[in-house]
Amino acid sequence: MRKLNRRDFLRYLGLGTAGTALLEGATAAPAMASTAEGKLPTFDVGPLKIKKAKETPSVCAFCGCGCGLIVYSEGNKIINIEGDPDNPNNDGTMCCKGIAIGNANTVVNPKRRRVANDRRLTEVLYRAPGSDKWEKKDWNWALSEIAKRIKKTRDETFEEKDENGVTVNRTQAIAQLGSASIDNEENYLMHKLMRALGVVNMDHHARL
């Protein structure tokens, strides 16, 4: 077996590059000829899946960048999401999380088709203290119950002054964790609400 030296390596590399360039030129010749005659080549890609879909401009909810989205839907089903080229924040580009946001509530079935996730909770489930069963509740009951429990906890643990007599007006029995799945304005309102309640234990798990 002949040993490949540096000179032979460069020679073979040049021959391979030249051959690839000639092959590309021969393949592209019909398209270039058509373009020169004023006729652009056509490709049959089939019907667009978004042809009859409704377009709705939206904003990605994954972080605080505020990238614009165009959501395509048929009825109540999202069929495609792409970046909004008119949005100055992203000019139509999307990161891997943003472009997959339409799949957040779907799963892949055995036929490799993406369908709605039947395990996604759409109702309020409540388990009473000491119980081993979940009960279905409506949203009005749930929101009222949450408000009552927050007020009860705050009233029982509110501190106007600390052990040194300094005014603190706080409760340390409630904590709040922000979400990167809601936008800046929603996080701002949550923060203002927690401050108004006297909550001091706050954090955020943002991705930026």
**Study point:** Rule-of-thumb Rg ratio for region 158-208 [Cα; 2.2 N^0.38 Å; N residues]
**Key:** 1.33
Study note, to complete from the structure: Per the rule of 0.36 nm per residue minus the C-alpha distance, extending LYS192 to VAL166 adds in nm 7.1 nm
Study note, to complete from the structure: Under the 7 Å Cα-to-Cβ spin-label approximation, ARG120 and CYS65 lie apart by a distance in nanometres of 2.3 nm
Review point. Taking the Cα-to-Cβ direction at MET202 and at LYS151 and moving 7 Å from each Cα, how far apart do the two end points lie in nm?
Key: 2.2 nm
Point to revise | Gyration tensor (alpha-carbon) shape descriptor, region 96-208, a/c threshold 1.5 | key: oblate
Exercise for review: Sorted from largest down, give the three principal axis spans of the alpha carbons of region 54-116, whole angstrom values.
Suggested key: 39, 23, 14
Check your understanding: Quick one: MET202, MET194, fewest Cβ neighbours within 10 Å first, how do they rank?
Key -> MET202, MET194
Exercise for review: Give me the number: length gained by fully extending THR20 to ALA100, i.e. 0.36 nm times residue separation minus the C-alpha to C-alpha distance, one decimal in nm.
Suggested key: 25.2 nm
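Quick note: the coordinates plus some simple rules give every number you see, no bench work behind them. These numbers were taken from a predicted model, which means no experiment stands behind them. In this analysis, Cβ positions are derived from the backbone assuming ideal geometry, glycine residues included, and neighbour counts consider all displayed protein chains.
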